[in-house]
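Below: one structure, written as structure tokens.
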Amino acid sequence: MKNDFFNLYSHGFARVAVATPRCRVADPAFNAAQTIALARQAQQQGAVLAAFPELGLSAYTCDDLFHQAALLDACEDALAQVVAASVELPLALIVGLPLRVDHQLFNCAAVVANGRILGLVPKSYLPNYGEFYEARQFSAADNAVSTQVRLLGQDVPFGAGLLFEVANLASMRFHIEICEDVWVPIPPSSFAALAGATVLVNLSASNVLAGKSGYRHQLVAQQSARCLAAYLYTSAGLGESSTDLAWDGQALVYEKGELLAEGARFLDDSHIIFADVDLERLARERMHTTTFAHSVRRHAAEVAAFRVVRFELAIERANILPLARAVARFPYVPADLALRDERCTEVYNIQVQALVQRLSSSGLQKVVIGVSGGLDSTHALLVCAKAMDRLSLPRANILAYTMPGFATSGRTLQQARELMAAVGCTAHEIDIRPSCEQMLKDLGHPYASGKEEYDITFENVQAGERTSHLFRLANFNQAIVIGTGDLSELALGWCTYGVGDHMSHYNVNASVPKTLISHLVRWVADTGAIGTEGSDTLLAVLDTEISPELVPGKAGDAKPAQSTEDSIGPYELQDFNLYYILRYGFAPSKVAFLSYSAWHANYPLATIKKHLGTFVYRFFKTSQFKRSCVPNGPKVGNGGSLSPRGDWRAPSDAEATVWLAELDNIPD
């Protein structure tokens, strides 16, 4: 078995740590011991970077003690202890201390690894308002004269414009700013991100006030989002002087605006939090967001001023190191119930608003829709109903048709009838079997001669006949045909091209994946928007096995002869694959690693690999020609759409060779 597959460092991740040690004011030896103890914990958990609070080796609240030689000497001794300990710790440590340089005192962050000091970063912005008096003791980074200092027998790079790059870990380049630096209008980390820093680190000693924690969250979240970066924030806690202030020891890790980890506040002991940062995702986002490069060019002078310190760490990839980061099993659907309701409300309103606009601009007041009694057409019908309400038009203007064929089950037919009645649309029923039989006869198909030949032609004659009826009915009634096919089906090519369920005048479900449609239908059912009986019908639809119902089953069989998920894989897995391949362009092996992290309790890795192989082949090799000419329809989320006018432009003649070959990196 390939152990490296099960190691997060093989898939573009890096484990980082944010530490809050208990401190003693003006006791550097004690503080160094606490720092080293937490550093060892970080190393044991496989982290490559650990950040500690501002002035952590001295404590922040030393005030005028900072100008005492004995304290400053003791801080350098404490740093020496950290440096010595780092020889056996294969990770980078960032610790805070006061340092004398050029006859000035600077509030610094020291980067330590492999028994060396890699760099010293002074604080750029010194707060001197409210409870802060830092300018009384320290000089700002701009006052520095030297760009290199001699410390503990080493020549060490010095300055605010330093970037630190782990040469043997792709995209791992970090920058350090100190406390107030992130509170200013343009934080130094903004320019550092443009210079290539993917991980931004803030050593802070921010005192706690009522409401301040929430504001820190906002600052860090927004800075990580704007910079397309990870942001590590650590703040001083218990042990700092309470003469006039209190300290909560807040620790945060954000990635591109998303909270990955947060430590408990007001703890009595030293503590540490971990997060697995997706460096590849950040690099991909910067490549995808072309305005990021535009910003790099616009601020070329600031970017050029940075110096890069490169070093290597002994990163062990051969051992098993599972991902500790939470990976949502349903990336299109929030796990939090409140957020899920909010997402469903917004997606539903986007679909409704888009249809309202299309009807308004076309001057038409009626829609035609095929209702199968299955999931997708059920949700599309609900969107049509709300659109009519928004336009102050009667729901009777929805001309709904259920069209039973050779394999339509009694269950789905009954559900279609009940649903149309609950919505209050104009309901029709057309038996398409006679027209299909005529088409099969015209083709000379064996079925027309009484043979049970249920090939792809037999299936597509039914799909095409339904769509042909809908388009002619729309012509006849001065209406537009509403498409019902979803994003998942389009990704897998699970739709009949041209005159089939692939085509409509406007498709409200075009960018909504199957898993999200399920939650949308359940959400409408839970709200009781179409009455109690209507909600019961919606729940019955959700419990119905997904099937195209095009091939007749054996007499007496309760289960349909065709199961969509038996053919193309479970939608919950295929939507997962779609999200990470479409949204981030990840290689199949990384998608499998993420899928295994999320779904291992439900699916073994071999099953995940099998269905991913199905997805890769169908998505890249066989289905693009269908996506190249899809009807209009609204994009609903940042997970992407497959419209050639929007998120996805690809050649119809591409090979899937490289993606299929990459599957070999996944153990069986």
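No value in this document is a laboratory result; all are computed from the given coordinates. Owing to the predicted nature of the structure, the values given are computational and were not obtained by experimental measurement. Positions of Cβ are backbone-derived with ideal geometry, glycine not excepted, and every protein chain shown enters the neighbour counts.
A few points about this structure:
- Positive-end residue, the chain charge dipole about Cα centroid, Cβ charges, pick of I117, Q34, A427: A427
- Antiparallel bridge percentage (DSSP; both residues within the chain; nearest 5): 50 percent
- Summarising the strand pairing of region 185-332, around 55 percent of its internal DSSP beta bridges are antiparallel.
- Summed residue charge, Cβ within 10 Å of V551's Cβ, Lys/Arg positive, Asp/Glu negative: -4
- Counting only Cβ charges, +1 for Lys and Arg and -1 for Asp and Glu, the dipole size of region 3-311 around its Cα centre is about 840 debye.
- Net charge over other residues, Cβ less than 13 angstrom from the Cβ of L55 (K, R count +1; D, E count -1): -4
- Taking a sphere under 10 Å around the Cβ of L228 and counting the other residues whose Cβ falls inside, with K and R at +1 and D and E at -1, yields a net charge of +3.
- Packing rank of 158-171, 41-54, where each peptide gets the mean count of other beta carbons within 10 Å, highest leading: 41-54, 158-171
- Centre separation in Å (Cα based) which lies between region 162-201 and region 203-247: 17 Å
- Label corresponding to Rg and Dmax of the Cα atoms in Å when calculated from the structure given, among (1) 30.7, 103; (2) 24.4, 72; (3) 24.3, 77: (1)
- The spacing between region 437-479 and region 1-50, judged by their C-alpha centroids, is 65 Å.
- Mean sequence separation of contacting Cα pairs (under 8 Å, at least six apart), scaled by the length of region 3-311, corresponds to a relative contact order of 20 percent.
- Straight-distance crosslink candidates among lysines, where the alpha carbon sits under 22 Å from K559 and sequence neighbours closer than 8 are dropped: K514
- Remark: the chain carries a charge dipole of roughly 1400 debye about the Cα centre, counting +1 on each Lys and Arg Cβ and -1 on each Asp and Glu Cβ.
- Relative contact order of region 337-665, pairs being alpha-carbon contacts under 8 Å that are 6 or more residues apart, as %: 19 percent
- Residue-averaged [θ]222 nm for the chain, counting only DSSP H segments that reach four residues, each worth -39500 (n - 2.57): -12000 deg cm²/dmol
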